[in-house]
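For reference, the structure discussed in these notes is given below.
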Amino acid sequence: MDRITERFLRYVRIETTSSEDMDSCPSTPGQFDLARLLVSELRELGIENAFMADNCFVYGHIVSNLDNEAAKVGFLAHMDTSNAASGKNVSPRIIENYDGKDIVLNDTLTTSLKEFPQLKDYRGKSLIVTDGNTLLGGDDKAGIAIIMEYAAWLLSHPEVRHGDIYICFTPDEEIGAGIDHIDLKHFPVDYAYTMDGGSPREMTYECFNAATAVCQFTGVSIHPGSAKNRMINACELAMEFHALLPVNEKPQFTEGREGFNHLEYVEGTCAAAQSVYIIRNHDSDILERQKGDFRRAEKFLNEKYGRKVAEVDISDTYRNMREGFTGREYIINNALNALRKNGLEPTITPMRGGTDGAKLTVMGVPTPNLGTGDMFCHGNHEIVCIDEMKMMVEVLKTLTDIIYG
Ligand SMILES: [Zn+2]
């Protein structure tokens with residue numbers, strides 16, 4: 001078995017499911033077990049400075065072998081797995097020279113071509129699948145294995161010219177909480193790349209602009225028997241407000257670059273109600289128009305009832321990371337060229353969600369995402385393509401050459 005596969009299998013056997021229910025970082029102790037293993041493996045490779053911080057972040061620094069100043073570049077992957085499926089006792093199975101047919105995971109579960117038609121492109125490749133009882137954890141342990149294998153290559157090839165390269169393995173990405181706790185003192189890079197899921201062709205440097213609207217509705221609560229012409233039901237105000245928003249701008253009716261307003265939560269009594277929406281669009285001008293729809297609905301209700309029945313509070317949560325690359329498009333173009341040089345024609349996928357890279361970009365570290373060869377993640381049909389993991393190690397080698405060569 002080759003080394004990257006061995007690494008990957010070692011990592012997925014450690015349960016690192018993160019949990020929204022915990023406020024601590026990391027949210028679950030299992031992530032420490034993987035972090036400790038990764039520190040010891042980094043040290044074995046010769047990265048003596050590798051360490052784990054108290055909050056489970058793993059940092060390592062491969063020191064520049066250049067005489068001149070050069071870009072400091074980082075690579076990140078996350079250690080936790082989604083809690084959408086169990087990550088306990090992951091029992092991976094390797095399928096060599098995949099025959100392009102349905103994959104029987106166990107007596108009751110099959111990954112079928114009908115459900116997952118893209119499988120047909122993987123004929124002849126080597127895949128890693130689950131036993132049907134857990135997720136695989138390729139999101140994002142494939143990213144970790146790729147970065148480790150790349151580091152191993154760099155350290156065993158002193159003739160390869162490179163600047164300071166920083167590695168960071170992060171906890172709690174899946175619950176959207178981890179990266180807030182990164183200590184950039186240990187990751188002092190000019191820019192970075194996350195290696196997190198998807199086909200090697202896929203590159204992501206765009207995400208939504210995001211806002212949250214918290215809507216308060218104040219009713220007039222009176223005994224229903226004597227309510228005529230006096231009661232204003234706050235729950236009905238929330239429903240009326242919702243009906244004033246564009247009907248088609250909902251997650252279930254949108255894809256690609258189409259934004260949406262998503263009613264996340266609603267609760268109330270006759271006296272008072274609250275609804276919470278998330279507002280999303282890749283285009284910040286359109287996002288402003290969407291916010292305007294909320295304010296118009298608020299104004300309409302208050303005028304209709306002749307009193308302040310609705311109060312909408314809108315706050316921005318994150319921005320499209322693309323803005324962070326303005327004037328530094330080479331960060332994207334270098335990676336695109338590295339993909340092309342390895343025969344991969346890139347597809348640019350606008351993320352329909354936030355990413356650790358988006359948050360890092362806001363923190364001043366522009367960070368696009370590269371694929372890893374992981375697919376159908378967050379469930380028991382998850383598959384990692386070994387050939388694609390290996391391909392991404394080659395892409396990182398080429399990227400090093402493009403940046404420092
Ligand atoms: Zn991920």
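Residues considered: E288, E202, E388. Largest GNM mean-square fluctuation over the chain, using C-alpha springs under 10 Å, is found at E288. Working from label points 7 Å from Cα in the Cα-to-Cβ sense, the Y265 to E311 distance is 1.8 nm. Neighbour counts of other Cβ atoms within 10 Å put D102, D21, D356, D80 in the fewest-to-most order D21, D102, D356, D80. Taken along the Cα-to-beta-carbon direction at a fixed 7 Å, the label points for A227 and H378 span 3.8 nm.
For the pair N337 and N89, what calculated FRET efficiency results from E = 1/(1 + (r/R0)^6), where r is the Cβ-Cβ distance and R0 = 51 Å, to the nearest 0.05? It comes to 0.75. Semi-axes of the equivalent ellipsoid for the range 131-188, computed as √(5λ) from the eigenvalues of its C-alpha gyration tensor and ordered from largest down, come to 27, 20, 5 Å. The length gained on full extension between D121 and T212, counted as 0.36 nm times the residue separation minus their Cα-Cα distance, comes to 28.8 nm. Normalising the average separation of contacting C-alpha pairs (under 8 angstrom, six or more residues apart) by the number of residues puts the relative contact order of the chain at 22 percent. Global size of the chain: 24.3, 87 Å for Rg and Dmax (C-alpha atoms, Rg to one decimal, Dmax whole). Counting every other Cβ atom within 10 Å of each residue's Cβ, M203, M195, M391 order from fewest to most as M391, M203, M195.
Taking the Kirkwood radius as Rh and the Cα radius of gyration as Rg, the range 209-318 has a ratio of Rg/Rh equal to 1.03. Dividing the convex hull volume of the alpha carbon atoms of the range 161-244 by its residue count gives 212 Å³ per residue. Cβ-Cβ distance of M1 and A70, R₀ of 30 Å, FRET efficiency by 1/(1 + (r/R0)^6): the value works out to about 0.25.
Report the local net charge at E96: Lys and Arg +1, Asp and Glu -1, summed over other residues whose C-beta lies under 13 Å from its C-beta. Every neighbour counted, the sum reads 0. The mean sequence separation of alpha-carbon pairs under 8 Å and at least six residues apart, normalised by the residue count of the range 209-318, gives a relative contact order of 40 percent. Neighbour counts of other Cβ atoms within 10 Å put T194, T218 in the fewest-to-most order T218, T194. Mind telling me which of G197, G225, G132 comes out most flexible in a GNM of the chain, alpha-carbon contacts under 10 Å? Of G197, G225, G132, the Gaussian network model singles out G225 as fluctuating most.
Each value in this text was obtained by applying a stated rule to the coordinates, not by laboratory testing. All of these numbers come straight from a predicted model, not from anything done at the bench. Don't worry about glycine lacking a Cβ; one is built from the backbone with ideal geometry, like all the others, and counts go over all protein chains shown.
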